[in-house]
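J.: Sharing a structure below in structure tokens format, with a few things to ask.
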Amino acid sequence: MKRTLAKSILALLAALALGGAPAHAAEQLVIRLGYAGVGTDNRQFASGNTWASAHAGGFLEEEFRNDPNIKLEWYFFRGAGPAVNEALANKQLDFASQGDLPSIIGRANGLKTKLLLVGGTRRPVYLAVPKGSPIRSIEDLKGRKVALQLGTNNHLSAVKVLAAHGLSDKSVSIVNLDASAANAALASKDVDAAFGDTSFIRLQEQGLIDIPYNSNQDNPVFGRTGSTFVTEEFEKAHPDVTARVVKAFVKAAQWSSEEKNREPLIALWAKSGTPESILRADLAPDPLAFRHSPLIDPFIVEQYRTRVTQSKEFGLIRREVSVDDWFEPKYLDAALKELGLATYWTRYAADGKALTN
């Protein structure tokens, strides 16, 4: 037996010397997912969309529960969309969630991605003003100092709102501030108004500001759209994994669309540090399915086309950007069919009206 063992050891050493090695488990695949935002006090959670639900609810972890060779890494970026674009350019992400404008800017700058599904649609843009301000409408902004974070999905929504009310970004004095800085500027009355999102609701609750405008109460077409993207490199190398990631996101979208889950959804999003009262107020006017549809329907396609055109007109991008070959709906369509959700969400026409067929 000793002689046999010695021969085995010698054989193993010889194999290693020649570059051989014992058989190992398959190499681990790390899936890197990046979100254009971060929770309060840098909490690694988000709120307000399907991506937030999928992450906090563990939907992807459940999908890959029995795959020890697949590891998920989630990243949240304080620098929002521009920071996500930088990470994509440096090949530090495989999947990303970001708003329409930063993704368009990234595409114009040569980032190779595919839009897989919508992660949050018709999210309203809010106009906030200091408490007691005489500003009561969009028209009242003419000649005023208005805070807005440029390069984010709030940017184009704000420009669309201004245009619909007879103004342009030249009619107001734009101050480029992120959400935290805009909130502070409003509280100190260093700006006359600011366009932004749910962070304003908290300031309103504290009696520091007023919110005279909500785009969803005006026209949902002015709302913001965020989507989930995959790099072309990852999708080509791992189409099967891409399909499973999309399926997990669709499951999260369906769970987030159920009215019975409204309060559990709010509790889940509150992990981001956003108070439940704010999340509840933001969601209150709309059916959950209206906000969480993952569909790439004519409305979404037209939204991106319009935003590309506006981005070019406003000098936000210099190159032409094609939209049609950006969308990759096959994974979404397969997931909807497999999960029996092909007719679960309402499809909308380019003008925002529900399609009956």
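J.: Which order, highest average first, do 115-122, 268-275, 338-345, 172-179 follow once you tally other Cβ atoms within 10 Å for each residue and take the mean per peptide? Don't jump to the answer; show the numbers that get you there.
T.: Details: 115-122: 25.4, 268-275: 20.4, 338-345: 13.1, 172-179: 17.4.
In decreasing order of mean packing, 115-122, 268-275, 338-345, 172-179 become 115-122, 268-275, 172-179, 338-345.
J.: Taking only C-alpha pairs under 8 Å that are 6+ residues apart, what is the relative contact order of the chain in percent? List each step's numbers first, then the result.
T.: Working: 624 pairs, mean separation 83.1, N = 357.
After rounding, I find 23 percent.
J.: Output ³J(HN,Hα) for the stretch 215-227: one whole-Hz value per residue in order, computed from phi by the Karplus curve 6.51 cos²θ - 1.76 cosθ + 1.60 with θ = phi - 60°, and x for Gly and Pro.
T.: Residue by residue, the stretch 215-227 yields 4, 5, 7, 9, 7, x, 4, 7, x, 9, 10, x, 9 Hz.
J.: Which entries in Lys142/Lys312; Lys91/Lys271; Lys260/Lys337; Lys114/Lys236; Lys112/Lys251 show an alpha-carbon gap greater than 18 Å? Intermediate results must be reported in sequence, preceding the final value.
T.: Values: Lys142/Lys312 24 Å; Lys91/Lys271 28 Å; Lys260/Lys337 23 Å; Lys114/Lys236 11 Å; Lys112/Lys251 26 Å.
Check vs 18 Å cut-off fails for Lys142/Lys312; Lys91/Lys271; Lys260/Lys337; Lys112/Lys251.
J.: For Arg291, what is the net charge nearby, where nearby means another residue's Cβ is under 10 Å from its Cβ and Lys, Arg count +1, Asp, Glu -1?
T.: 0
J.: By the gyration tensor of its Cα atoms, with a ≥ b ≥ c the square roots of the eigenvalues, what is the shape of the stretch 166-235: rounded for a/c under 1.5, prolate for a/b over b/c, or oblate? Each step should come with its number before you reach the end.
T.: Numbers: a/c = 1.81, a/b = 1.66, b/c = 1.09.
Since a/c reaches 1.5 and a/b is larger than b/c, the shape of the stretch 166-235 is classed as prolate.
J.: Would you grab the residues whose amide H sits under 5 Å from the one on Thr113? Only those 5+ places off in sequence or on another chain, please, with H modelled 1.01 Å from N.
T.: Hits under the 5 Å cutoff: Glu232.
J.: Given contacts defined as C-alpha pairs under 8 Å and at least six residues apart, what's the relative contact order of the stretch 188-332, whole-number percent?
T.: Result for the stretch 188-332 is 24 percent.
J.: Right, here's the next one. May I ask for the percentage of alpha-carbon pairs in the stretch 199-270 that lie more than 20 Å from each other? Working shown, then result.
T.: Details: 1552 of 2556 pairs.
Roughly 61 percent, once rounded to a whole number.
J.: If you compute Kirkwood radius over Cα pairs in Å for the structure shown, which of (1) 21.7; (2) 24.7; (3) 21.2 do you land on?
T.: (1)
J.: Right, next: Any chance you could tell me what percent of the C-alpha pair distances in the stretch 38-110 go past 15 Å?
T.: 60 percent
J.: Which of the DSSP-defined H helices in the chain satisfy a minimum axial length of 18 Å, computed from C-alpha atoms, and a minimum mean Kyte-Doolittle hydropathy of 0.5?
T.: Answer set is 2-17.
J.: At 222 nm, what value in deg cm²/dmol follows for the chain if DSSP H runs of at least 4 each add -39500 (n - 2.57) and the sum is divided by all its residues, to the nearest 500? Intermediate values should be presented prior to the final figure.
T.: On the way: 16 runs with 150 residues, N = 357.
After summing the helix terms and dividing by residue count, I get -12000 deg cm²/dmol.
Laboratory data are not the source of any read-out in this text; all were calculated from the coordinates shown. If you're wondering where the values come from, they're calculated on a predicted model, not measured in any experiment. Cβ atoms come from the backbone with ideal geometry, glycine included; neighbour counts cover every protein chain shown.
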